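Below: one structure, written as structure tokens.
Please treat every number below as a calculation from the coordinates, not as lab data. No experiment lies behind these values; they were computed from the predicted model shown. Backbone-built Cβ (ideal geometry, glycine too); neighbour counts: all protein chains shown.
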Amino acid sequence: MKELILLVSSEYAPMPAAAASRIRPWVDILENLGANVRVLTSRSAEANTQLVERSFFSAPCNRASLVLRLIQEVFLGLDLGLRIFLKCRKAKLCLITSPPFFMACICSAFARCSGIPYFMDVRDRYPRVLVDLGVLNKSGILHKSFSALERWVCSGAISLTTVTQGLKQEIGDAFPAKETHLLPNGYDEEVFTEDLLSVDKATEFTVVYHGRLGRFYDLQTYLGVMKLVERADPSIRFLMIGDLPDELAQAGCANLTILPAMQLEDLAKQLASCHLGLCLLRELPAMKKAFPAKAYDFLGAGLPMLVGPEGELADAVERMGCGVSFTKVSPQEVAQSIVELKQDSARWSLLRDQTLQHRNDFGRRKLASLHFSSILGELKKG
């Protein structure tokens, strides 16, 4: 009989979100390895009654206030946690991805109460991130309480996984008794196929951003870049795809097209038709260890990218030569680079060639297969 393995995530296909894209290939990999997989997620996911157990609640909204988001996380966590406790107690293993931090904490508690061992996939350390954002005081009672909760959750896990080398080092230092594995995001090879690389480019030179323009991104930086490029070369277009702030559409950028969030297959085609990807992070300590999922999608679509400020993402782009990195994010410097790359087709072609050269190193399924083969092997031994 196949072992039942639970995957707990606030988001799942067809939602165009980082957590959904991350775990989507995990399901196929685990099923191919002989597991019976059940995904516990929010009500926004596709209705597949055999595979997906959906909550009554939606995924927490990134654009909501922090208090409202916390409430949303708690209700989603309680709903999914009760489903673990009441309907899935025969599961052999539970894989929980975080954030949302409080959803993950509650679900891990229910897994413990149900006697189900769990792995914690830590994509961000939220007590520390909230300090970086200025929301929590590091010496305050709330930060100390959240950190104690994080210690309790991580100490109860069989092992921990994370998405970047910087986070792996940080988590390993914080929880030395726990084994921490690096499992980068990567791009989905079944969506970002080789055929995608031959998609015709847009007639006009196009720079693309996709995803949520949330707290880790500065809206004014992006608007500044677009307005400066518009003055220098009005023929260059910007395409922004996702659940984006209303202020973006109200900014009056004539060179900007905005599209709503879309399924990954449609997104991949849109990205492949563009010329450059754009990923400019805020200058926060946490961002030095970030490698956003959208950067892997740019790689999968064969797009050179412009990234900054300094950190793990910028270092990787510089090392591979698959784009332009900025130590500090200056709208003037970014805009100038975009205009120069449009004018210098030979340089753009070189960056694209180097992107294609390194692209195959970042397939998400390839990166995850060995990891989950090892996990199931250990379970069978146990």
The chain: relative contact order from alpha carbon pairs under 8 Å, six or more residues apart, as a whole percent, is 14 percent
Based on the alpha carbon coordinates of segment 124-229, what radius of gyration and maximum Cα-Cα distance (Dmax) apply, in Å?
19.7, 56
Quick one: what does P(r) look like for segment 156-310 with 5 Å bins over all Cα pairs, in whole %?
2, 9, 16, 19, 18, 14, 10, 6, 4, 2, 1, 0
Under 20 Å Cα to Cα from Lys87, which lysines show up? Leave out anything in the same chain fewer than 8 places away.
Lys2
Net charge contributed by nearby residues that have their C-beta within less than 13 Å of Phe298 (K/R +1, D/E -1):
+2
Amide H proximity to Val324 below 5 Å, modelled H, separation 5+ or other chain, gives Met305, Leu306, Val307
Computed [θ] at 222 nm, helices only, for the chain once each DSSP H run of length n ≥ 4 contributes -39500 (n - 2.57)
-14500 deg cm²/dmol
Sorted by Cβ neighbour density within 10 Å, fewest at the top, the residues Asp188, Asp297, Asp124, Asp195
Asp195, Asp124, Asp188, Asp297
Per residue of segment 267-272, what does 6.51 cos²θ - 1.76 cosθ + 1.60 with θ = phi - 60° give for ³J(HN,Hα)? Whole Hz please, x for Gly and Pro, Karplus curve as stated.
4, 4, 5, 5, 4, 5
Taking neighbour counts of Cβ atoms within 10 Å as a proxy for exposure, in what order, fewest first, do Ser98, Ser55, Ser325 appear?
Ser325, Ser55, Ser98
Apply the Karplus curve 6.51 cos²θ - 1.76 cosθ + 1.60, θ = phi - 60°, to the phi angles in segment 203-217 and return the couplings in whole Hz, x for Gly and Pro.
4, 9, 4, 10, 10, 10, 10, 9, x, 8, 8, x, 5, 8, 10
If N is the number of residues in the chain, what value comes out of its Cα radius of gyration divided by 2.2 N^0.38 Å?
0.99
Cut-off 12 Å between beta-carbons: net charge of the residues surrounding Pro60, Lys and Arg +1, Asp and Glu -1:
+1
For Glu190, Glu11, which order do you get if you count the other beta carbons within 10 Å of each Cβ and list the fewest first?
Glu190, Glu11
